[in-house]
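Everything on this sheet refers to the single structure shown next.
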Number of protein chains: 2
Amino acid sequence: MSARRTTPPVLEGLSIRERSVAFEDLTARARIREAALEHFAREGYDRATIRAIAKTAGVSAGLLRHHYGSKEDLREACDHYVFEMLHRVNAGLLADPGTTAQTRQMSKPFGTYVARSLADGSPTVGPIFDELVTMTEAWLARADDSRTDTPIVDRRVRAVLVTAMKIGIPLLHEHVSRSLGTDMFGPEGDRLIALGLLDIYSHALIDDDVATSAAAGYEEPQR
Amino acid sequence: MSARRTTPPVLEGLSIRERSVAFEDLTARARIREAALEHFAREGYDRATIRAIAKTAGVSAGLLRHHYGSKEDLREACDHYVFEMLHRVNAGLLADPGTTAQTRQMSKPFGTYVARSLADGSPTVGPIFDELVTMTEAWLARADDSRTDTPIVDRRVRAVLVTAMKIGIPLLHEHVSRSLGTDMFGPEGDRLIALGLLDIYSHALIDDDVATSAAAGYEEPQR
DNA sequence: TCCAGTCCTATACAAACGTCTAGCAACTTA
DNA sequence: TAAGTTGCTAGACGTTTGTATAGGACTGGA
């Protein structure tokens, strides 16, 4: 297939479903992993079944066990895979921050998987959350520079909250899409969300004096 | 038990676990409901089992079925119960907005249940999300009044995002608590989060011009 | 006293699940 | 050619799950 390559160089060899390489051309082992990522992200770890994943991958349930051992081992393999993928995406973004919109689109399936895994309580995704918090913290540092007053709580705390909040959106994709009137993973929903987040992040949602007076009630433990 | 009543009048007859009435004094039917709320909120619908809920309630699995029919019916009963509770809390807050800190604490178990149900895809909690969005929308209206520029997206869209983000925090309570170094449902974590949210909501996180330039890339569909 | 209804337990059942074993076919290596 | 390794399927096993049924204990009214 020599069609014009639409994959940005940053994501070379990263995603599968969205790239030019066909799903059927993958090895069975890779197909199982892709199918597992899909099922885990969409249905969660518990609802997803070995047999359904195997069926999506076009193999038997026995082969899945042959390659990955157990369901828990399969999840760990997916976690490590996504972990490495996100690192590569991140490194690529640092080197070439131009193609943000496209990479956003490409890394989306990984994002939903991470979000779902975090909510499901996967034992190995904790470091990913911590890393996202650290990235947010560095991002918040810039905002704190152009700020006159002193924040009432540590930057780390705010980074944790912003990170968790951001992940909440794909976690509630069903209700977000319904309320938006369009699929939030589609191009229209994606645009709405991106613009909405930019607007929210660039404006204060409550008055400063209202916030400080409300914060006063929390400064000392309530009786 | 004639100890000083700590329950604010707003929540009269609302929560159970945190009130003076003992869990053992409830009818079996109520104990089952309370146990189900606890298990569904903590473990999610799939991981929670009929038998475990019955054991927590101190009854047999058969009695659970006798009172509630099926697991799905039990979930619906919990949904409707929480739905009504939140309405009463909301009505009470409108009538007497003074005891916000305490009511926050009291309505927290319901909040985590709603959050988990929304993420689990419960069929009957959709309206709750829509209602929360509407409340957020009214709340955003005040912020829009004291604003000079025109928002780039509809207020409804921003309300949806803010609502989903807020719910994301209890959904990721495990990682939030770990990153915070303290249980986010404890008094210390609760204070940190309340203050953190106030700080975040009362300040812009990115510069306005940066946002507008970034938004420009989304105004027209990318090629 | 009898009877009907309610509350409750114990046990059984069918389905679905993760896991395991046996075995076949193709390819590689000695 | 023989033996070993790898990729793969089919089927069975034991457990757990939601659900169903039979029956006991208690209560209130006729």
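Read-outs: derived from the displayed coordinates by stated rules, not from any lab. All values reported here derive from a predicted model rather than from experimental measurement. Note: ideal-geometry Cβ built from the backbone for every residue, glycine included; neighbour counts use all protein chains shown.
Points worth noting:
- Across the identical copies, how the B:Asp144 labels are spaced - nm, sorted shortest first, 7 Å along Cα→Cβ: 3.3
- Whole-angstrom Cα spans of the range B:172-218 along principal axes, big to small: 42, 20, 12
- With its label point defined 7 Å out from Cα along the Cα-to-Cβ axis, A:Glu43 lies at 2.0 nm from the matching points of the other copies, in increasing order.
- Distance from the axis that maps chain B onto chain A is least for the Cβ of the chain B residue given, with the whole Å value, as B:Gly168, 1.
- At R0 = 35 Å, FRET efficiency that the Cβ-Cβ distance of B:Thr49 and A:Ser177 yields, to 0.05: 0.70
- A full extension of the chain between A:Ala141 and A:Leu63 corresponds to an added length of 23.2 nm, given 0.36 nm per residue minus the alpha carbon distance.
- Calculated FRET efficiency, A:His87 to A:Val210, Cβ-Cβ distance, R0 = 45 Å: about 0.65 to the nearest 0.05.
- Simple spin-label estimate for A:Asp73 and B:Phe185 in nanometres, 7 Å along Cα-Cβ: 3.5
- Copy-to-copy label distances for A:Asp207, where each label lies 7 Å from Cα along Cα-to-Cβ, are 2.8 nm in order of increasing length.
- Of B:Lys55/B:Lys108; A:Lys55/A:Lys108; A:Lys55/B:Lys166; A:Lys71/B:Lys71; A:Lys71/A:Lys108, those spanning more than 28 Å from alpha-carbon to alpha-carbon: A:Lys55/B:Lys166
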